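The values are calculated or read from the model by the stated rules, or taken from the named source; none is laboratory data. Because the structure is a prediction, the values reported are computed rather than measured. Because the Cβ atoms are built from the backbone with ideal geometry, glycine has one as well, and the counts that use them run over all protein chains shown.
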Amino acid sequence: MNQNNLLKTHNSHQRYILRPSSFALLLPELRELLQSKEFSPLKDVLKTIHSIDLAEGWTKLNPQEKILIFRLLSSRKAVEIFEELRFEEQSYLLSNLDNQEVVSVVNEMVSDQRAQLFKDLNPKTVKKLFSVMKKEEVDDVRKLLTFKEGLAGSIMTTEFVELKKAMTARQAILRIQETCKAGQNANIYSIYVTDDEHKLTGGISLQALITAPSDMLVKDIMSDVDVIKIDCHMPKEDVAKQFSKYDLLDAPVVDDSNQLLGIITIDDVVDLINKEATKALYEFGKMEAKGGVEIRYASATVKELIQRRVGWLMLLLMFDFLTGTVLKNFEHALGSVVALSFFIPMLLDTGGNAGAQTSITIIRGLATGDVTIKNVWKIVRLEFLTSIFMGFIVGLVAFLRAFMLQKDLMLALTVGTTMTTVVLLAIGTGIFLPLFSKKVGLDPAVLAGPITTSVVDVVGLLIYFNIARTFIPALGH
(Lines give C-alpha, C1' and ligand atoms only; values in the text may rest on other atoms or scores of the structure.)
Protein backbone atom coordinates (compact mmCIF):
# COMPACT_ATOMS: atom_id res chain seq x y z
CA MET A 1 0.00 0.00 0.00
CA ASN A 2 1.59 3.31 -1.04
CA GLN A 3 1.21 6.91 0.03
CA ASN A 4 -1.17 7.68 -2.79
CA ASN A 5 -3.56 5.00 -1.57
CA LEU A 6 -3.37 6.45 1.93
CA LEU A 7 -4.17 9.88 0.56
CA LYS A 8 -7.19 8.51 -1.30
CA THR A 9 -8.46 6.73 1.80
CA HIS A 10 -8.09 9.45 4.39
CA ASN A 11 -8.58 12.61 2.33
CA SER A 12 -11.39 11.55 0.01
CA HIS A 13 -13.82 13.72 1.99
CA GLN A 14 -11.75 16.81 1.08
CA ARG A 15 -11.84 16.34 -2.69
CA TYR A 16 -14.59 18.88 -3.19
CA ILE A 17 -12.28 21.70 -2.00
CA LEU A 18 -9.14 20.67 -3.87
CA ARG A 19 -7.70 23.06 -6.44
CA PRO A 20 -7.64 22.06 -10.11
CA SER A 21 -5.15 19.33 -10.95
CA SER A 22 -1.57 20.63 -11.10
CA PHE A 23 -1.06 18.36 -14.10
CA ALA A 24 -3.73 20.17 -16.11
CA LEU A 25 -2.18 23.54 -15.22
CA LEU A 26 1.33 22.42 -16.14
CA LEU A 27 0.49 20.42 -19.27
CA PRO A 28 1.41 23.25 -21.70
CA GLU A 29 4.76 23.68 -19.95
CA LEU A 30 5.39 19.91 -20.03
CA ARG A 31 4.76 19.81 -23.77
CA GLU A 32 7.01 22.80 -24.39
CA LEU A 33 9.87 21.19 -22.48
CA LEU A 34 9.33 17.92 -24.32
CA GLN A 35 9.44 19.60 -27.72
CA SER A 36 12.62 21.47 -26.82
CA LYS A 37 14.12 18.29 -25.29
CA GLU A 38 14.89 20.05 -22.00
CA PHE A 39 14.69 16.86 -19.97
CA SER A 40 16.43 18.05 -16.81
CA PRO A 41 13.97 20.88 -16.04
CA LEU A 42 11.16 18.56 -17.17
CA LYS A 43 12.14 16.10 -14.44
CA ASP A 44 11.96 18.92 -11.90
CA VAL A 45 8.46 19.87 -13.06
CA LEU A 46 7.29 16.26 -12.86
CA LYS A 47 8.47 16.10 -9.23
CA THR A 48 6.05 18.89 -8.33
CA ILE A 49 3.00 17.02 -9.71
CA HIS A 50 1.35 14.54 -7.39
CA SER A 51 1.24 10.99 -8.69
CA ILE A 52 -2.56 10.88 -8.48
CA ASP A 53 -2.88 14.06 -10.55
CA LEU A 54 -0.45 12.76 -13.13
CA ALA A 55 -2.26 9.42 -13.40
CA GLU A 56 -5.66 11.12 -13.76
CA GLY A 57 -4.37 13.35 -16.55
CA TRP A 58 -2.46 10.58 -18.32
CA THR A 59 -5.00 10.23 -21.14
CA LYS A 60 -4.38 13.85 -22.17
CA LEU A 61 -0.89 12.86 -23.35
CA ASN A 62 -0.29 11.43 -26.79
CA PRO A 63 1.40 7.99 -27.09
CA GLN A 64 4.92 9.34 -27.59
CA GLU A 65 4.57 11.78 -24.69
CA LYS A 66 3.46 8.95 -22.38
CA ILE A 67 6.60 6.91 -23.04
CA LEU A 68 8.99 9.86 -22.74
CA ILE A 69 7.44 11.19 -19.52
CA PHE A 70 7.25 7.75 -17.93
CA ARG A 71 10.98 7.23 -18.57
CA LEU A 72 11.77 10.54 -16.87
CA LEU A 73 9.95 9.65 -13.65
CA SER A 74 11.78 8.46 -10.56
CA SER A 75 11.49 4.71 -9.91
CA ARG A 76 9.14 5.17 -6.98
CA LYS A 77 6.90 7.65 -8.76
CA ALA A 78 6.77 5.49 -11.89
CA VAL A 79 5.43 2.59 -9.82
CA GLU A 80 2.89 4.80 -8.02
CA ILE A 81 1.55 6.17 -11.30
CA PHE A 82 1.54 2.80 -13.04
CA GLU A 83 -0.60 1.32 -10.25
CA GLU A 84 -3.18 4.09 -10.71
CA LEU A 85 -3.52 3.77 -14.49
CA ARG A 86 -6.31 1.88 -16.22
CA PHE A 87 -5.42 -1.53 -17.61
CA GLU A 88 -5.37 -0.27 -21.21
CA GLU A 89 -2.75 2.34 -20.30
CA GLN A 90 -0.72 -0.21 -18.33
CA SER A 91 -0.76 -2.59 -21.29
CA TYR A 92 0.46 0.14 -23.63
CA LEU A 93 3.42 0.93 -21.39
CA LEU A 94 4.32 -2.73 -20.96
CA SER A 95 4.31 -3.15 -24.74
CA ASN A 96 6.46 -0.09 -25.45
CA LEU A 97 9.04 -0.09 -22.65
CA ASP A 98 12.10 -2.30 -22.73
CA ASN A 99 12.38 -5.35 -20.49
CA GLN A 100 14.52 -3.69 -17.84
CA GLU A 101 12.12 -0.76 -17.49
CA VAL A 102 9.14 -3.10 -17.28
CA VAL A 103 10.72 -5.34 -14.66
CA SER A 104 11.77 -2.41 -12.46
CA VAL A 105 8.12 -1.34 -12.31
CA VAL A 106 6.44 -4.74 -12.01
CA ASN A 107 8.80 -6.01 -9.31
CA GLU A 108 8.07 -2.98 -7.11
CA MET A 109 4.28 -2.98 -7.46
CA VAL A 110 2.11 -3.77 -4.45
CA SER A 111 1.56 -7.53 -4.59
CA ASP A 112 -2.24 -7.52 -4.88
CA GLN A 113 -2.26 -4.89 -7.63
CA ARG A 114 0.47 -6.78 -9.48
CA ALA A 115 -1.56 -9.98 -9.31
CA GLN A 116 -4.63 -8.15 -10.65
CA LEU A 117 -2.56 -6.86 -13.56
CA PHE A 118 -1.36 -10.38 -14.41
CA LYS A 119 -4.93 -11.69 -14.33
CA ASP A 120 -5.85 -9.30 -17.12
CA LEU A 121 -2.71 -9.76 -19.27
CA ASN A 122 -2.66 -12.27 -22.10
CA PRO A 123 -0.67 -15.50 -21.47
CA LYS A 124 2.10 -14.53 -23.91
CA THR A 125 2.82 -11.28 -22.05
CA VAL A 126 2.66 -13.06 -18.68
CA LYS A 127 5.21 -15.63 -19.85
CA LYS A 128 7.50 -12.88 -21.12
CA LEU A 129 7.35 -10.99 -17.81
CA PHE A 130 7.89 -14.14 -15.73
CA SER A 131 11.07 -14.84 -17.68
CA VAL A 132 12.68 -11.56 -16.57
CA MET A 133 11.20 -11.07 -13.08
CA LYS A 134 12.74 -12.08 -9.76
CA LYS A 135 11.89 -15.64 -8.77
CA GLU A 136 10.34 -14.60 -5.46
CA GLU A 137 8.11 -12.09 -7.23
CA VAL A 138 7.03 -14.70 -9.78
CA ASP A 139 6.21 -17.15 -6.99
CA ASP A 140 4.22 -14.45 -5.21
CA VAL A 141 2.18 -13.66 -8.33
CA ARG A 142 1.48 -17.34 -9.01
CA LYS A 143 0.37 -17.81 -5.43
CA LEU A 144 -2.09 -14.92 -5.60
CA LEU A 145 -3.36 -16.04 -9.00
CA THR A 146 -4.50 -19.34 -7.46
CA PHE A 147 -7.31 -17.45 -5.71
CA LYS A 148 -10.48 -16.97 -7.73
CA GLU A 149 -11.68 -13.47 -8.44
CA GLY A 150 -14.08 -12.40 -5.73
CA LEU A 151 -12.29 -14.09 -2.81
CA ALA A 152 -10.34 -12.44 0.00
CA GLY A 153 -7.12 -14.10 -1.16
CA SER A 154 -7.32 -12.27 -4.48
CA ILE A 155 -7.13 -8.80 -2.86
CA MET A 156 -4.66 -9.44 -0.06
CA THR A 157 -1.09 -8.20 -0.10
CA THR A 158 1.70 -10.60 0.85
CA GLU A 159 3.96 -7.80 2.07
CA PHE A 160 3.66 -7.69 5.84
CA VAL A 161 5.72 -7.85 9.02
CA GLU A 162 5.72 -10.96 11.21
CA LEU A 163 6.66 -10.76 14.88
CA LYS A 164 7.39 -13.49 17.42
CA LYS A 165 6.11 -13.70 20.98
CA ALA A 166 9.61 -13.75 22.49
CA MET A 167 10.62 -10.43 20.92
CA THR A 168 10.81 -7.29 23.01
CA ALA A 169 9.03 -4.12 21.91
CA ARG A 170 12.40 -2.65 20.91
CA GLN A 171 13.27 -5.70 18.80
CA ALA A 172 9.86 -5.57 17.18
CA ILE A 173 10.28 -1.90 16.23
CA LEU A 174 13.73 -2.62 14.79
CA ARG A 175 12.21 -5.46 12.76
CA ILE A 176 9.61 -3.08 11.35
CA GLN A 177 12.26 -0.47 10.53
CA GLU A 178 14.40 -3.03 8.72
CA THR A 179 11.43 -4.18 6.64
CA CYS A 180 10.40 -0.65 5.74
CA LYS A 181 13.96 0.20 4.72
CA ALA A 182 13.67 -2.56 2.16
CA GLY A 183 10.87 -0.55 0.52
CA GLN A 184 7.94 -2.56 1.82
CA ASN A 185 4.98 -1.64 4.04
CA ALA A 186 5.03 2.10 3.51
CA ASN A 187 1.93 2.29 5.72
CA ILE A 188 1.56 0.03 8.73
CA TYR A 189 -1.46 -0.02 11.02
CA SER A 190 -1.11 -3.37 12.76
CA ILE A 191 1.58 -6.02 13.04
CA TYR A 192 0.77 -9.69 13.42
CA VAL A 193 2.40 -12.33 15.59
CA THR A 194 3.04 -15.86 14.34
CA ASP A 195 4.65 -19.03 15.68
CA ASP A 196 7.49 -20.97 14.05
CA GLU A 197 5.05 -22.49 11.54
CA HIS A 198 3.73 -19.04 10.55
CA LYS A 199 0.41 -19.70 12.27
CA LEU A 200 -1.37 -16.57 13.48
CA THR A 201 -1.35 -16.13 17.25
CA GLY A 202 -2.14 -12.46 17.79
CA GLY A 203 -1.75 -8.87 16.66
CA ILE A 204 -0.49 -5.52 17.89
CA SER A 205 -1.47 -2.04 16.81
CA LEU A 206 1.46 0.17 15.87
CA GLN A 207 0.39 2.68 18.51
CA ALA A 208 0.42 0.04 21.25
CA LEU A 209 3.87 -1.14 20.20
CA ILE A 210 5.40 2.34 20.13
CA THR A 211 4.01 3.29 23.54
CA ALA A 212 5.01 0.00 25.23
CA PRO A 213 8.15 -0.16 27.41
CA SER A 214 11.14 -1.16 25.25
CA ASP A 215 11.84 -4.32 27.26
CA MET A 216 8.21 -5.50 27.33
CA LEU A 217 7.65 -8.78 25.47
CA VAL A 218 5.44 -8.96 22.40
CA LYS A 219 3.38 -11.74 23.99
CA ASP A 220 2.39 -9.33 26.78
CA ILE A 221 1.36 -6.58 24.34
CA MET A 222 -0.46 -8.52 21.65
CA SER A 223 -4.21 -9.00 21.46
CA ASP A 224 -6.34 -11.85 20.19
CA VAL A 225 -7.33 -11.43 16.53
CA ASP A 226 -9.58 -14.46 16.02
CA VAL A 227 -12.63 -12.22 15.64
CA ILE A 228 -11.19 -10.12 12.83
CA LYS A 229 -9.04 -12.63 10.94
CA ILE A 230 -10.26 -13.37 7.44
CA ASP A 231 -10.37 -16.74 5.75
CA CYS A 232 -8.66 -16.56 2.37
CA HIS A 233 -11.79 -18.05 0.76
CA MET A 234 -14.16 -15.45 2.20
CA PRO A 235 -16.13 -13.52 -0.49
CA LYS A 236 -14.92 -9.95 -0.96
CA GLU A 237 -18.34 -8.57 -0.06
CA ASP A 238 -18.09 -10.22 3.37
CA VAL A 239 -14.59 -8.77 3.80
CA ALA A 240 -16.03 -5.28 3.29
CA LYS A 241 -18.78 -6.00 5.84
CA GLN A 242 -16.22 -7.16 8.40
CA PHE A 243 -14.11 -4.02 7.93
CA SER A 244 -17.22 -1.90 8.37
CA LYS A 245 -18.46 -3.83 11.42
CA TYR A 246 -15.19 -3.66 13.34
CA ASP A 247 -13.88 -0.33 11.95
CA LEU A 248 -10.70 -2.01 10.72
CA LEU A 249 -7.72 -0.41 9.04
CA ASP A 250 -6.30 -3.81 8.15
CA ALA A 251 -6.94 -7.48 8.85
CA PRO A 252 -4.89 -10.70 8.64
CA VAL A 253 -5.72 -13.33 6.00
CA VAL A 254 -5.24 -16.98 6.92
CA ASP A 255 -5.64 -20.37 5.26
CA ASP A 256 -7.48 -23.43 6.58
CA SER A 257 -4.59 -24.28 8.93
CA ASN A 258 -4.48 -20.72 10.34
CA GLN A 259 -1.22 -19.86 8.59
CA LEU A 260 -0.80 -16.15 7.94
CA LEU A 261 -0.91 -15.64 4.15
CA GLY A 262 -1.18 -11.87 3.93
CA ILE A 263 -3.14 -8.84 4.99
CA ILE A 264 -5.97 -6.79 3.55
CA THR A 265 -5.74 -3.04 4.10
CA ILE A 266 -8.40 -0.36 4.20
CA ASP A 267 -7.38 1.08 0.81
CA ASP A 268 -8.12 -2.30 -0.80
CA VAL A 269 -11.56 -2.32 0.82
CA VAL A 270 -12.33 1.26 -0.19
CA ASP A 271 -11.45 0.40 -3.79
CA LEU A 272 -13.64 -2.72 -3.51
CA ILE A 273 -16.60 -0.76 -2.14
CA ASN A 274 -16.24 1.83 -4.91
CA LYS A 275 -16.19 -0.89 -7.56
CA GLU A 276 -19.16 -2.70 -6.04
CA ALA A 277 -21.14 0.53 -5.78
CA THR A 278 -20.31 1.40 -9.40
CA LYS A 279 -21.16 -2.13 -10.52
CA ALA A 280 -24.51 -2.05 -8.72
CA LEU A 281 -25.34 1.38 -10.12
CA TYR A 282 -24.59 0.38 -13.71
CA GLU A 283 -26.48 -2.90 -13.35
CA PHE A 284 -29.47 -1.11 -11.89
CA GLY A 285 -29.38 1.22 -14.89
CA LYS A 286 -29.12 -1.89 -17.08
CA MET A 287 -25.60 -1.33 -18.41
CA GLU A 288 -22.67 -3.69 -18.76
CA ALA A 289 -20.95 -3.38 -15.36
CA LYS A 290 -17.53 -4.85 -16.32
CA GLY A 291 -16.75 -5.67 -12.71
CA GLY A 292 -17.25 -2.11 -11.50
CA VAL A 293 -14.91 -0.41 -13.98
CA GLU A 294 -16.06 3.21 -13.99
CA ILE A 295 -16.89 5.01 -17.21
CA ARG A 296 -14.71 8.12 -17.38
CA TYR A 297 -15.68 10.66 -20.01
CA ALA A 298 -12.06 11.82 -20.18
CA SER A 299 -11.14 8.52 -21.85
CA ALA A 300 -14.49 7.02 -22.91
CA THR A 301 -15.22 6.33 -26.58
CA VAL A 302 -18.48 6.06 -28.51
CA LYS A 303 -17.74 2.37 -29.06
CA GLU A 304 -17.31 1.73 -25.32
CA LEU A 305 -20.55 3.52 -24.42
CA ILE A 306 -22.48 1.59 -27.07
CA GLN A 307 -21.02 -1.74 -25.97
CA ARG A 308 -21.94 -1.14 -22.36
CA ARG A 309 -25.47 0.12 -23.01
CA VAL A 310 -26.95 -1.42 -26.13
CA GLY A 311 -27.27 -5.06 -24.94
CA TRP A 312 -29.66 -4.45 -22.05
CA LEU A 313 -31.48 -1.75 -23.99
CA MET A 314 -32.26 -4.17 -26.82
CA LEU A 315 -33.30 -6.94 -24.41
CA LEU A 316 -35.72 -4.67 -22.57
CA LEU A 317 -37.01 -3.29 -25.86
CA MET A 318 -37.93 -6.79 -27.00
CA PHE A 319 -39.66 -7.43 -23.68
CA ASP A 320 -41.62 -4.22 -24.09
CA PHE A 321 -42.87 -5.42 -27.46
CA LEU A 322 -45.42 -7.27 -25.35
CA THR A 323 -46.91 -3.95 -24.24
CA GLY A 324 -47.81 -3.12 -27.86
CA THR A 325 -49.28 -6.59 -28.32
CA VAL A 326 -51.55 -6.14 -25.29
CA LEU A 327 -52.74 -2.73 -26.48
CA LYS A 328 -53.48 -4.13 -29.94
CA ASN A 329 -55.52 -7.00 -28.48
CA PHE A 330 -57.63 -4.49 -26.51
CA GLU A 331 -57.95 -2.02 -29.38
CA HIS A 332 -61.76 -2.38 -29.31
CA ALA A 333 -61.92 -1.44 -25.61
CA LEU A 334 -59.81 1.67 -26.19
CA GLY A 335 -61.97 2.60 -29.17
CA SER A 336 -65.20 2.17 -27.23
CA VAL A 337 -64.08 4.03 -24.10
CA VAL A 338 -61.33 6.42 -25.17
CA ALA A 339 -61.01 7.75 -21.61
CA LEU A 340 -59.37 4.45 -20.62
CA SER A 341 -56.21 5.59 -22.40
CA PHE A 342 -56.00 8.76 -20.28
CA PHE A 343 -55.02 6.81 -17.17
CA ILE A 344 -52.56 4.25 -18.60
CA PRO A 345 -49.40 6.37 -17.95
CA MET A 346 -50.52 7.12 -14.39
CA LEU A 347 -51.23 3.47 -13.59
CA LEU A 348 -48.05 2.04 -15.08
CA ASP A 349 -45.71 4.76 -13.79
CA THR A 350 -47.05 4.46 -10.25
CA GLY A 351 -46.73 0.67 -10.39
CA GLY A 352 -43.16 0.93 -11.69
CA ASN A 353 -42.24 3.40 -8.94
CA ALA A 354 -43.74 1.18 -6.22
CA GLY A 355 -41.83 -1.83 -7.55
CA ALA A 356 -38.58 0.13 -7.74
CA GLN A 357 -38.98 1.36 -4.14
CA THR A 358 -39.38 -2.19 -2.87
CA SER A 359 -36.66 -3.79 -5.01
CA ILE A 360 -34.12 -1.13 -4.01
CA THR A 361 -34.89 -1.71 -0.32
CA ILE A 362 -34.58 -5.49 -0.71
CA ILE A 363 -31.34 -5.26 -2.74
CA ARG A 364 -29.82 -2.91 -0.17
CA GLY A 365 -30.87 -5.28 2.63
CA LEU A 366 -29.27 -8.24 0.82
CA ALA A 367 -26.05 -6.27 0.38
CA THR A 368 -25.81 -5.24 4.04
CA GLY A 369 -26.97 -8.57 5.48
CA ASP A 370 -30.22 -7.09 6.81
CA VAL A 371 -32.13 -9.48 4.54
CA THR A 372 -31.22 -13.15 4.96
CA ILE A 373 -32.79 -16.54 4.39
CA LYS A 374 -33.59 -16.71 8.10
CA ASN A 375 -35.72 -13.56 8.19
CA VAL A 376 -37.07 -13.57 4.63
CA TRP A 377 -40.63 -14.53 5.63
CA LYS A 378 -40.76 -11.76 8.19
CA ILE A 379 -39.74 -9.31 5.49
CA VAL A 380 -42.28 -10.71 3.02
CA ARG A 381 -45.07 -10.33 5.60
CA LEU A 382 -43.96 -6.77 6.39
CA GLU A 383 -43.85 -5.79 2.72
CA PHE A 384 -47.18 -7.54 2.05
CA LEU A 385 -48.95 -5.55 4.75
CA THR A 386 -47.28 -2.39 3.49
CA SER A 387 -48.46 -3.11 -0.06
CA ILE A 388 -52.08 -3.51 1.10
CA PHE A 389 -52.14 -0.12 2.81
CA MET A 390 -50.20 1.59 0.01
CA GLY A 391 -52.45 0.02 -2.62
CA PHE A 392 -55.56 1.26 -0.81
CA ILE A 393 -54.16 4.80 -0.43
CA VAL A 394 -53.04 5.29 -4.04
CA GLY A 395 -56.12 3.44 -5.32
CA LEU A 396 -58.38 5.88 -3.49
CA VAL A 397 -56.48 8.86 -4.87
CA ALA A 398 -56.63 7.40 -8.40
CA PHE A 399 -60.42 6.79 -8.01
CA LEU A 400 -60.99 10.40 -6.96
CA ARG A 401 -58.82 11.74 -9.78
CA ALA A 402 -60.64 9.65 -12.42
CA PHE A 403 -64.09 10.63 -11.11
CA MET A 404 -63.19 14.35 -11.01
CA LEU A 405 -61.83 14.17 -14.55
CA GLN A 406 -64.59 12.10 -16.25
CA LYS A 407 -67.55 12.18 -13.82
CA ASP A 408 -68.02 8.45 -14.56
CA LEU A 409 -68.38 6.22 -11.49
CA MET A 410 -67.68 2.93 -13.31
CA LEU A 411 -64.58 4.32 -15.00
CA ALA A 412 -63.36 5.70 -11.66
CA LEU A 413 -63.91 2.30 -10.00
CA THR A 414 -61.95 0.67 -12.84
CA VAL A 415 -59.02 3.04 -12.41
CA GLY A 416 -59.02 2.87 -8.59
CA THR A 417 -59.28 -0.93 -8.46
CA THR A 418 -56.58 -1.31 -11.11
CA MET A 419 -54.27 1.06 -9.27
CA THR A 420 -54.61 -0.95 -6.05
CA THR A 421 -54.01 -4.22 -7.88
CA VAL A 422 -51.03 -2.89 -9.85
CA VAL A 423 -49.34 -1.59 -6.70
CA LEU A 424 -49.81 -5.00 -5.05
CA LEU A 425 -48.36 -6.65 -8.15
CA ALA A 426 -45.42 -4.22 -8.34
CA ILE A 427 -44.43 -4.60 -4.70
CA GLY A 428 -44.73 -8.38 -4.98
CA THR A 429 -42.49 -8.35 -8.05
CA GLY A 430 -40.04 -6.01 -6.30
CA ILE A 431 -39.78 -8.56 -3.47
CA PHE A 432 -39.68 -11.72 -5.56
CA LEU A 433 -37.14 -10.86 -8.28
CA PRO A 434 -34.22 -9.86 -5.98
CA LEU A 435 -34.86 -12.78 -3.59
CA PHE A 436 -35.18 -15.26 -6.46
CA SER A 437 -32.01 -14.05 -8.16
CA LYS A 438 -30.10 -14.27 -4.88
CA LYS A 439 -31.39 -17.82 -4.35
CA VAL A 440 -30.21 -19.00 -7.78
CA GLY A 441 -26.85 -17.23 -7.48
CA LEU A 442 -27.46 -14.19 -9.70
CA ASP A 443 -26.82 -10.57 -8.85
CA PRO A 444 -30.11 -9.13 -7.46
CA ALA A 445 -29.47 -5.80 -9.17
CA VAL A 446 -29.62 -7.46 -12.56
CA LEU A 447 -33.28 -8.46 -12.22
CA ALA A 448 -34.46 -5.26 -10.52
CA GLY A 449 -35.40 -1.79 -11.80
CA PRO A 450 -36.32 -1.80 -15.48
CA ILE A 451 -37.20 -5.52 -15.51
CA THR A 452 -39.62 -4.96 -12.64
CA THR A 453 -41.07 -2.01 -14.54
CA SER A 454 -41.41 -4.08 -17.73
CA VAL A 455 -43.26 -6.85 -15.87
CA VAL A 456 -45.59 -4.32 -14.27
CA ASP A 457 -46.25 -2.64 -17.63
CA VAL A 458 -47.33 -5.81 -19.42
CA VAL A 459 -49.26 -7.49 -16.60
CA GLY A 460 -50.69 -4.15 -15.45
CA LEU A 461 -52.28 -3.54 -18.85
CA LEU A 462 -53.85 -6.99 -18.82
CA ILE A 463 -55.28 -6.33 -15.37
CA TYR A 464 -56.55 -2.88 -16.40
CA PHE A 465 -58.50 -4.00 -19.44
CA ASN A 466 -59.95 -7.08 -17.76
CA ILE A 467 -61.18 -5.00 -14.81
CA ALA A 468 -62.60 -2.48 -17.31
CA ARG A 469 -64.62 -5.26 -18.94
CA THR A 470 -66.07 -6.10 -15.53
CA PHE A 471 -67.05 -2.55 -14.50
CA ILE A 472 -67.92 -0.88 -17.78
CA PRO A 473 -71.04 -2.35 -19.43
CA ALA A 474 -70.23 -0.84 -22.81
CA LEU A 475 -67.23 -3.13 -23.21
CA GLY A 476 -69.16 -6.35 -22.68
CA HIS A 477 -67.36 -9.63 -22.05
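Restricting to the range 333-352, name every residue that is in contact (Cβ under 8 Å) with a residue 12 or more places away in the chain and not β-branched (Val, Ile, Thr).
Ala333, Ser336, Ala339, Leu340, Phe342, Phe343, Met346, Leu347, Leu348, Gly351, Gly352
With respect to the numbered conditions (1) farther than 20 Å from Asp238 by Cα; (2) without any contact (Cβ under 8 Å) to a residue 24 or more places away in the chain; (3) among the polar types (S, T, N, Q), which one is the sole condition not fulfilled by Asn375?
All conditions are met except number (1).
Just checking, does the range 155-173 include any residue being in contact with a strand residue (DSSP E or B) (Cβ under 9 Å, 6 or more places away or on another chain), touching a residue at least 60 places away in the same chain (Cβ under 8 Å) and basic (Lys, Arg)?
So far as the range 155-173 goes, no, none of its residues is in contact with a strand residue (DSSP E or B) (Cβ under 9 Å, 6 or more places away or on another chain), touching a residue at least 60 places away in the same chain (Cβ under 8 Å) and basic (Lys, Arg).
What is the one condition in (1) over 26 Å from the mean Cα position of the chain (by Cα); (2) farther than 21 Å from Phe465 by Cβ; (3) buried (at least 17 other Cβ atoms within 10 Å of the Cβ); (4) of a type outside the set (A, V, I, L, M, F, W, C) that Thr386 does not satisfy?
The failed condition is (3).
Hey, among the residues in the range 165-189 that are hydroxyl-bearing (Ser, Thr, Tyr) and under 26 Å from Phe243 (Cα atoms), which one's modelled with the lowest pLDDT? Step through it out loud before you land on a result.
Here is the first cut: in the range 165-189, the ones hydroxyl-bearing (Ser, Thr, Tyr) are 168, 179, 189.
The next check asks that each one be under 26 Å from Phe243 (Cα atoms); those that pass are 179, 189.
Working: Thr179: 80, Tyr189: 85.
Ranking the candidates gives Thr179 first.
Based on this model, can you work out whether Phe160 counts as closer than 27 Å to Glu89 by Cβ and either surrounded by 19 or more Cβ atoms within 10 Å (Cβ to Cβ) or in the same structural domain as Ala78 (by TED's automatic domain parsing) (or both)?
Considered against the rule, which asks whether it is closer than 27 Å to Glu89 by Cβ and either surrounded by 19 or more Cβ atoms within 10 Å (Cβ to Cβ) or in the same structural domain as Ala78 (by TED's automatic domain parsing) (or both), Phe160 comes out as no.
Of the residues in the range 367-377, how many are at pLDDT below 80, part of a helix (DSSP H, G or I) and not hydroxyl-bearing (Ser, Thr, Tyr)?
1
I need the full set of residues from the range 199-221 which are among the charged types (D, E, K, R) and either closer than 21 Å to Asn258 by Cβ or crowded, with 16+ Cβ neighbours inside 10 Å (or both), in order please. Reasoning before the result, please.
Taking the range 199-221 first, the residues among the charged types (D, E, K, R) are 199, 215, 219-220.
Residues satisfying the conditions are Lys199, Lys219.
Could you figure out which of (1) in a helix (DSSP H, G or I); (2) over 30 Å from Asp250 (Cβ atoms); (3) at pLDDT below 90 isn't true of Leu68?
Of the numbered conditions (1) in a helix (DSSP H, G or I); (2) over 30 Å from Asp250 (Cβ atoms); (3) at pLDDT below 90, the odd one out for Leu68 is (3).
Need the failing condition index for Leu425 against (1) over 30 Å from Glu331 (Cβ atoms); (2) within 35 Å of the chain's Cα centre (by Cα), just the number.
Every listed condition holds for Leu425 apart from (1).
Here are Glu197, Glu162, Glu178, Glu137: which of them is in contact with a helix residue (DSSP H, G or I) (Cβ under 8 Å, 6 or more places away or on another chain) and acidic (Asp, Glu)? Before the answer, list the steps.
Values: Glu197 fails: in contact with a helix residue (DSSP H, G or I) (Cβ under 8 Å, 6 or more places away or on another chain); Glu162 fails: in contact with a helix residue (DSSP H, G or I) (Cβ under 8 Å, 6 or more places away or on another chain); Glu178 fails: in contact with a helix residue (DSSP H, G or I) (Cβ under 8 Å, 6 or more places away or on another chain).
Answer to the check: Glu137.
When the residues of the range 119-146 are narrowed to those that are more than 17 Å from Ala78 (Cβ to Cβ) and surrounded by 19 or more Cβ atoms within 10 Å (Cβ to Cβ), which ends up farthest from the chain's Cα centre (by Cα)?
Step by step, filter the range 119-146, then rank; the result is Asp140.
Considering every residue within the range 385-398, establish whether at least one is assigned by TED's automatic domain parsing to the domain that holds Ser454 and more than 26 Å from Pro345 (Cβ to Cβ). Please lay out each step first, then the result.
Applying the first criterion (assigned by TED's automatic domain parsing to the domain that holds Ser454) to the range 385-398 yields 385-398.
From what's left, more than 26 Å from Pro345 (Cβ to Cβ): 385.
Within the range 385-398, one or more residues are assigned by TED's automatic domain parsing to the domain that holds Ser454 and more than 26 Å from Pro345 (Cβ to Cβ).
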